[in-house]
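Report on the structure given below.
The numbers here are math on the coordinates, done by the rules we state, and not lab data. Since the model is a prediction, treat every value here as computed from it, not as a measurement. Cβ: placed from backbone, ideal geometry, glycine included. Neighbour counts: every protein chain shown.
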Amino acid sequence: MNILIPYDVSDDKRRREVDKILSSFGKRINYSVFELQVTKVQYREIIGLLEEATDPKYDHIRIYILGLDSLKKSFILHSNQKVFEYEELYI
């Protein structure tokens, strides 16, 4: 599964925990955005860990699951880097 996770966590301690969780499964692409390539088992684990680490009253996490069709249309402007490992330039 290819996943994009942007987040807004208000508390420093919780934010560090979210960073630690997401860093162990993927790579940071922006200050509060991670790209992950995970299995379904890892995906369920991430959801559980994030639920435990955050406060639903104050924190916001979005999870975008990207299909191969989306990835084929994705690219990084001004970079040779690939989006995940399935990049095809789509213009």
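Here are some notes:
- Spacing of the two label points (7 Å from each Cα toward its C-beta) at Arg14 and Lys40, in nm: 3.0 nm
- Restraint check, Lys20/Lys72; Lys20/Lys57; Lys20/Lys40; Lys13/Lys57, Cα-Cα greater than 24 Å: Lys20/Lys72
- Placing dummy labels 7 Å off each Cα toward the beta-carbon, the span from Lys73 to Ile47 is 2.5 nm.
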